[in-house]
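The values are calculated or read from the model by the stated rules, or taken from the named source; none is laboratory data. Treat the numbers as computed from the prediction; the structure is a model and nothing was measured. Every residue, glycine as well, gets a Cβ built from its backbone with ideal geometry; the counts of neighbours run over all protein chains shown.
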Amino acid sequence: MGHATAVQIKEEKFILSDKAKKLTFGLMGLGALLVIVGYLTYHPTITGLTEEQVHHLPLKRLLGSMLFNGYFFFIIATCAAVFIAISQLANAGWYVAIRRIPEAMSEFMIYGAVIILIAVGLGLPIIYHWAHDGVMEMDELLAKKTWYLNKPFFLIRLVLFMGFWIWAASMIRKYSRQEDQLSKGLNDTTFFDKTFKLSAVFMFIFAFTFSMFAWDVTMSIDAHWYSTIFTIYNFATGWVSALTTIYLITWFLRSNGYLNIVTDEHQHDLGKFMFAFSVFWTYMWVAQFLLIWYANIPEEVAYYKDRLQGSYKFSFFFNVIMNFVVPFFLFMRRGAKRSRTMGAIVGACILLGHWNDVYLMVMPGAMNLATEVTGENPVGIISVDSQGVGFMELGFLFLFGGLFLFIVLKALTKANLYPTKHPFIMESALHDTGV
């Protein structure tokens, strides 16, 4: 290509400024304050509930908000590691110049895992109604799931799955940094081959374990409900959110004078991914909703019935606008994907939209109350409206969002901003697909 002589592969270190530190710590401090204020000021007055049932609602909302926010940032970090693994297995070259960004994002995985384990550990008898003593025996449908839905096996699965993903992501980062330090040159594929083999194992295991992980953390909150495409729907949410985050961080670094080998071509490719997978997410959303709603099976349609009434109704349609309408109509043009302003607007909408998406996955079920009733169904579910997004939901968003930004920016300082000795670094710098 014509600009080949202008490309220089050199050391480029990111410096975390005091301004950026203050921003991340400020977000965390504001978030913690909002969570405390939200918890102390949440006094629901809902007719038809006993005083004891109302007493449990603040804690249910606190743990539900903690869980869905932690889950949102964890799947973003995890899908960043998946992005590297898939690109490695595809022998992709274009992404190498921005590879250190998803590597840095994956460092949040261990923090997200701890948040999820705390929320789940405390929430098993509170937001997972199947975990109440005696419920599984009294409910005919849930009784058939006791071999899978039981506390010890449930927690063991979460620890093993997340533990393996975290280990694989850490090894991918390790090989990448060792390549910079120990590789003999661009023709040395030692660490490339190690990463390729690890990525193959990681993706094979991830495909199965993420399915169960999504069932456990989010779908089992509504234990009577199931969807055959729920896993891929969850992955689509995490995947497009991770791509969007990579896109926005790339713009941030470039606007601050970093990533000298990254061009608008790389930015455009990321934008095309964002656009394409926003459409893919919409396809999964429509497929899941229409098939379940049209079938009108009581156990299944109850999931959407809760989300189409009260304060959740706004979030339900807000979901479609932010995750499909905005990126489809504003990000279709080539120039939009290369525009920092339009990219920031669409990227912010996508992230907010998918945060709202995970909110809808978790909170309606987390706020519901299980109660004993007479009749054919010994365990009843009382739907409780959380009264919309409030201080607790926003507080955990700012708290974990600030922590995520700090971890990612700190991780970027640990290595060169792009792998200088990766076999495909020149291909990426020249943006040559190597037909």
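The table for this structure:
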read-out: Output for the stretch 392-434, where each listed residue is more than 21 Å from the chain's Cα centre (by Cα) and aromatic (Phe, Trp, Tyr); value: Tyr418, Phe424
read-out: Any hit, the stretch 327-344, residues being at pLDDT below 90, touching a helix residue (DSSP H, G or I) at 6+ places or on another chain (Cβ under 9 Å), in a loop (DSSP other than H, G, I, E, B) and surrounded by fewer than 14 Cβ atoms within 10 Å (Cβ to Cβ); value: no
read-out: Filter result for Pro125 (farther than 30 Å from His431 by Cβ and either outside any helix (DSSP H, G or I) or of a type in the set (Gly, Ala, Ser) (or both)); value: yes
read-out: Positions within the stretch 31-63 being in contact with a Pro (Cβ under 9 Å, 6 or more places away or on another chain), assigned to a helix (DSSP H, G or I), free of Cβ contacts under 8 Å to residues at least 24 places away in the same chain and not β-branched (Val, Ile, Thr), in sequence order; value: Leu40, Pro58
read-out: Residue in the stretch 117-130 that is buried (at least 19 other Cβ atoms within 10 Å of the Cβ), over 30 Å from Ile382 (Cα atoms) and touching a residue at least 40 places away in the same chain (Cβ under 8 Å) present; value: no
read-out: Qualifying residue in the stretch 181-195 (condition: crowded, with 16+ Cβ neighbours inside 10 Å, in contact (Cβ under 8 Å) with a residue 60 or more places away in the chain and either among the β-branched types (Val, Ile, Thr) or under 30 Å from Met219 (Cβ atoms) (or both)); value: yes
read-out: Residue match in the stretch 72-85 (condition: more than 20 Å from the chain's Cα centre (by Cα) and either among the charged types (D, E, K, R) or closer than 15 Å to Ile249 by Cβ (or both)); value: no
read-out: Only one of Val301, Val279, Val286 that is of a type in the set (A, V, I, L, M, F, W, C), surrounded by fewer than 22 Cβ atoms within 10 Å (Cβ to Cβ), without any contact (Cβ under 8 Å) to a residue 24 or more places away in the chain and touching a Phe, Trp or Tyr at 6+ places or on another chain (Cβ under 8 Å); value: Val301
read-out: Where Gln88 falls short, out of the listed (1) polar (S, T, N, Q); (2) without any contact (Cβ under 8 Å) to a residue 24 or more places away in the chain; (3) in a helix (DSSP H, G or I); value: (2)
read-out: Sole exception among (1) basic (Lys, Arg); (2) at pLDDT 95 or above; (3) under 22 Å from Asn234 (Cβ atoms) for Lys272, by number; value: (3)
read-out: The stretch 152-170, subset loosely packed, with under 14 Cβ neighbours inside 10 Å and of a type outside the set (Phe, Trp, Tyr), residue nearest to Leu124 (Cα to Cα); value: Pro152
